[in-house]
Every structure is written in C-alpha cells, then in structure tokens.
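The values are calculated or read from the model by the stated rules, or taken from the named source; none is laboratory data. In this text the structure is predicted, and so the values were computed from the model without any measurement. Every residue, glycine as well, gets a Cβ built from its backbone with ideal geometry; the counts of neighbours run over all protein chains shown. Heavy atoms of the whole protein, side chains included, go into the accessibility calculation; ligands, DNA and RNA do not. Shrake-Rupley method; radii C 1.70, N 1.55, O 1.52, S 1.80 Å.
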Amino acid sequence: MEEERRERREEEEEEEERTDGQEDRTLKTSFSRREEEEEEEEEEEETMKAISKDKAQRDLIGGHTPVSASSSPFLTSLRRERGGVEEDDEVRVALVTIQDESCTSEHFCTAHLNTTNQITRTQEERDGKDEEEVEVEGENCEKEEEENTEVTSPSLHLQIQMKRKLDHGPDGRPFSSGKKHCKGSGYLSPSSLVQATPTTFGDLRLANGHSAQRRRVTSGPPPSGLQDWLHTFQTWSGPERLLALDELIDRCETSQVKHMMQVIEPQFQRDFISLLPKELALYVLTFLAPRDLLQAAQTCRYWRILAEDNLLWREKCREEGISECTSLHRRKCAKPGAAVSPWKSAYIRQHCIENNWRKGDSREPMVLKGHDDHVITCLQFSGDLIVSGSDDNTLKVWSAITGKCLRTLTGHTGGVWCSEMTASTVISGSTDRTLRVWDTVSGECVHTLYGHTSTVRCMHLHGNRVVSGSRDTTLRVWDVSSGRCEHVLTGHVAAVRCVQYDGRRVVSGGYDYMVKVWDPETEVCLHTLQGHTNRVYSLQFDGVFVVSGSLDTSIRVWDAETGGCVHTLTGHQSLTSGMELRDNILASGNADSTVRVWDIRTGQCLHTLQGPNKHQSAVTCLQFCRGLVLSSSDDGTVKLWDLKTGAWLRDVVALQSRGSGGVVWRIRASDTRLVCAAGSRNGTEETKLLVLDFDLDDKKNEMD
C-alpha cells in the first residue's frame, strides 16, 4: 500500500513539475513585459516606492495571466451592462488579496483566512527582491502551498487546483497575456468566483445553509485509517472516484443506502416557483387546473400569494365562461377584510353551484301552493320573480326567495294558456281571445290587446314586440308599450299552434301541417315549408335554421333563407311536444318517453336519453342549463342528463304520487334555480310550484 502511495505521489510531483514549468514560462513572459513598463515609468519610481504595498499587490497580479472578457460569459454580460467598453477592449481579471473583513460566510471563513495569510506572507517577502528572485520565490511558494495543503485540508488543495484552472483555461494551457493588466481596485477576482461556486457536496451543503455536523453519524469513534482512505480517494481522478463509489454502494446495506439518500436528496430539491420572477411563476401556474391551484396554495405562504392572484383566476373564469358581473356579485357578498381574489371567489361559487346541480343536497325544495286544484298551463321565471298562469283565469306572482305569493293578476275571463315575461312586465294570452299586459310590481293590467277572434294559443316576445298566434288562423304583431296591433299575418288555414320571433323574421307552425316564414314589416309570407304529414306542435328558430316537430313523429330542419328542407330527423315514435336549440345542438322531448339530442348540421342523433332511469311516460317539457338537459314528464319526475355524454345524472324532482297520477307540467331554470309546476289529473297531488336553489352560500347556510 505504501509503495502504491509513493508511486502515485511521484507521478503527482512529475505532473506538478510540468505544470510549474508552464507557469514559470508564463511568469517570465509577464515579468519581461513588466520590465518594459518600468523603463517607461521611471519618472514615477518615487511614487511607486511610497505605495510599496500597492506595488506588491500589482506584482502578485503580474504573476497571473489576465482573463479576457470574451472567455467568460459572466464578464461578457457585465460588459454589455456597462455599455462603455469597445469590441477590441479586454476586461481583465486577476487574483486579489482577501482581507479578513472580506469573509462574508462563516462556512468559508477559515479556509479563506488560511489562504489570505499565505498570500500576504508571500507578498511581504517579495517586496524587497529582484524580479529573478520573485521568479524563484513564486516557484517555491507554489510548492510550499501544495505541501501545506497536503498537511492542512483537502478543501484548500481543491481551491488551489480550481485557481490554477481559472489561470490556465479549460485545456491546461495558460491564457494569452498579450495586453497590459487593468489598473485599479474595481476588478473581479477568480478566487471569488471559486468561492461562489460549490465544488464538493460538502460545499453545496454549506452553501445551502446546512451544517456539516447535522449529518455526522455519532454511533462511535471514526474508524482507523479513515483519513488515509479519504486522502487516497481525493487523489483519484473523476472516473476512478465514480468506479469506487459504485463498488462502495454495492457493498452497503439497505439502511446505509437509505442514510445516503436522506443526506443527498434534500440538497437537490429546489422550489423552482419561488426562484422564478413573479411573472414567470404566474405563467407556469396558468397551466394548472383550478383544483390543482387550490392544492398548490397550501404548499407555503409564497405559493398561496401566487395562487390567489386575481388575474390568474380571471383567466380561469374566462375559460369557463364566467362573466364579470358574477364575480362582482360575489365581491359584494364577500366578508369584509377577506383577502381573497374576487375572481377566485366567483370561480369557486360557480363550481359549488355546478356540483349542487349534479349531485344535489339534502335540502327539501321550497313549496309554493296556489291555483287550488287547477292545471298550471304556463310558467315564467325572471330574477327573483316567478309567474304562473292557470286555467283558473288568473296569474300569480311569487317571490323565489321567500316563496310568498306577492300578488294575483286577475282580469281574464277565460283560462290562461300562454305567457311571456320581461323584468317587470308580463304578457298573457287567454281563451277569452285577448292578450293582457301586466305590471308585476303593482299587479295592474296596463293594456288589454283585442283583435283575435278565438283562443290565443301561443306567443313569443322579442324586445318591445310580441307576436301572438291564435286558433283563428292568424298571427298578430303588437307593441307592448302602447298596446297597439302593428301587423296581422294571414295565410294559415288552421289553428296556429306555435310561433317564434327573432326581431327580423316570424316563423309559425299550425294544425294545417304547414310551417311559414314571414316578414312582419311587409306582412308577406316568404316561405311555406311543406313536408310534415300531421299537425306541427313545436318550433325552434335561431335565425339560420328552422326546426319543426310534428305529430307525424318526425323533426324537420329547414333553411330559413331558401325554405329548403335540410334534414329529416327520424327516431321518435310519437308527438314531439317540446324542443330546445342552442349552438346547433337540438334536444327534443317526445310522447314516447324519450329525449334525443341531435346535431342539426349533420342530422345525426348524438344521444338518446333513455335506459334504466328513463322517463316512464310522455315528456312534457325540457330545457338546457349549464351543459345539462332537464326534462319533465307525466311520470311525476324531473331528470337531469349530461348533454355531452347523454348519461343520466339523477332525478332532481320525484313527486310522492309519481307513477300514480302525479305530473310535472312545466319547468323553468336559471343558472342557480329550478322551478317546477306540478300537480295531478286525478287529485292524488295538489297543484303547487317547487323551487330548488343551488346557490347555497354561507348566509343561506346560517339561515338554515
């Protein structure tokens, strides 16, 4: 073993002699150039003697070859920042004496002081010698440093090796010394670069603020020969060390490997989010799903600050189609002093509402009783007001919050069969052949619209105009504000059963099997859409396509501009009693107890909403809501379906008398509420309205 060490030491000395020879040549070149400089500066000799200590430092600088800015990316960036250095100029770096007060980190302090004392002693010895003596002294000093390094600490030896690498470049050759050194004290030291970059794992632990003593195993005294083994390990090259480590790990027990992992892993774990600038960190967080953002907020205080960013949540709300008015509403409801993003509150609120729709809760619906045992024929819902019309000749206005009947609108002399509603105005049509305009606040009848000669069976409101269809085969266009009849559309030869109006065109369907498209301003029928073989009971119109449902079991899609039939949708077995159209997706409810979802552009049936949980009787009404489909039926239930998958989610309403006479006649829904008109035809269920609220905030929970 001693012979191997001796051989390795001899090889080391030979390599160091070769390296010293290269450094000697560099020193000679540098000092020869200094001789020329001193000849040119003889006039300043007296001044140079007065500041001999400064001269000693410059002599030390002369012993190391400067590093050009082009060879260091870090210095290149400094040159860009300074902006005053020309392309041909070189920024030079040399070793600087490190004084005691320059030690900024307690972990490196001892090593720095040892190096400083050695260099300072060398400087003092060089002050009174000739340049030739400085050459010899420099050579001896380097040897002395290496010998001292072997005796003192391996880390100091490593620092000197790193200093050598900086002085000689990556390939071991000295840098070119063709230009003069920069004068002055404001230059950067390669030794400071070495100190800033941890070179061993121990240095990395110290740089991370971990004491080396924390990982020491205190089970007993260190084994004999440990220091010799460590010294031998340091003399090996990088590949040799890796090979030794592989062999060492193979011989370790599981507990010992676990100990190594516990020591090593924490040093390479980095909170990259906290290290990034805030803008980049927020950009990274935009790729997280909202649920993941909420979990990230629990990591630490800084992550919580980032995860609460209002603009970040505004983007999440935009992706989900949540409008600003919703967030403003939530901001008003938020507790004072709560440091929560308004957009985040809006998103969470909408998420809770969606979850309540899909999964429900244990709260019972609010029950609004009225109209005795009569049938509720029409239902409207706007804001916090509900308006129900019945064949008992009245309409009732209800509060969706308290469930109280605010007022009863009386005046019709026949049953109410249809109605439309704006914010504070209700229009109703009756078997008494009139339409009435009501003020929901005062409960007064503002206008009575006369003109039809039979039951007003359908109507559609757009802006300040309402179009009504009657069993007298005509349609009339009314101005709601004045109560004046502006236009009369004639052409059907049987009762008009359904009507749609988009402000530009009127579309009507009747018992004469016809669908007609009208220009209300000229009172001209633009197209008569023929194809159905039985009565037309339902219509949808989006300005481009007309969709009609008939007793002949088919649904037809028409081009409103040309009047041509685009698709005939087949699959239902009976009367299509209700339809909803949105974004080219059509939902149709049929008396065959099924609901179908269609793409009207292709004519394809996307889903048939049936299966074990399907309706057991005719579908009476349906509506889109939040990517869901609500359907009511004569079987006394209201079912919720997923529009994308066609899957049944749950029964939102199930009457006690379902299957034995209970009926849900009409449904109306907003984003947060569902209103159902229910009763029975045989007296098993009293007539009532059911109100379900899915916006259960903290205030409502406290009231409960």
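Take segment 353-505 with all the other protein chains still there, run a 1.4 Å probe, and you get 41 Å² of accessible area per residue.
Taking 0.36 nm per residue of sequence separation and removing the Cα-Cα distance, the Glu253/Asp559 pair yields an extension gain of 102.2 nm.
For segment 569-678, the alpha-carbon coordinates run over 41, 32, 22 Å along the three principal axes, in decreasing order.
Look at where the Cα atoms of segment 395-446 and of segment 226-250 average out, and the two centres are 93 Å apart.
Between segment 625-704 and segment 593-622, the alpha-carbon centres lie 17 Å apart. Rolling a 1.4 Å probe across the protein heavy atoms gives segment 549-693 an accessible surface of 37 Å² per residue.
For segment 509-586, GluC sites (Glu not before Pro) are listed when DSSP marks them as loop and at most 16 other Cβ atoms sit within 10 Å of their Cβ; the list is Glu521, Glu523, Glu561.
Between beta-carbons, use under 14 Å as the cut-off and find the net charge around Trp641, counting Lys and Arg +1, Asp and Glu -1. Result for the neighbourhood of Trp641: +4.
Counting Lys and Arg as +1 and Asp and Glu as -1 over every other residue whose Cβ lies under 12 Å from the Cβ of His567, the net charge comes to 0. Note on segment 489-642: Cα-Cα pairs beyond 22 Å make up 37% of the total pair count. Please compute the net charge surrounding Ser588, taking Lys and Arg as +1 and Asp and Glu as -1 over other residues with Cβ under 11 Å from its Cβ. Every neighbour counted, the sum reads -1.
Here segment 448-504 and segment 539-555 have alpha carbon centers that stand 19 Å from each other. By accessible area, using a 1.4 Å probe on protein heavy atoms only, segment 391-535 has 45% of its surface on carbon and sulfur. In this structure, the residue pairs whose Cα-Cα separation is over 18 Å, taken from Lys316/Lys359; Lys404/Lys639; Lys404/Lys688; Lys316/Lys644, are Lys316/Lys359; Lys404/Lys639; Lys316/Lys644. In terms of its alpha-carbon gyration tensor, segment 473-576 comes out prolate; a/c meets the 1.5 threshold, and the first ratio a/b outweighs b/c. Anisotropy class assigned to segment 402-547 is prolate, per the alpha carbon gyration tensor with a/c at or over the 1.5 cut-off and a/b larger than b/c.
In the assembled protein chains, Phe268 presents an accessible area of approximately 130 Å² (probe radius 1.4 Å).
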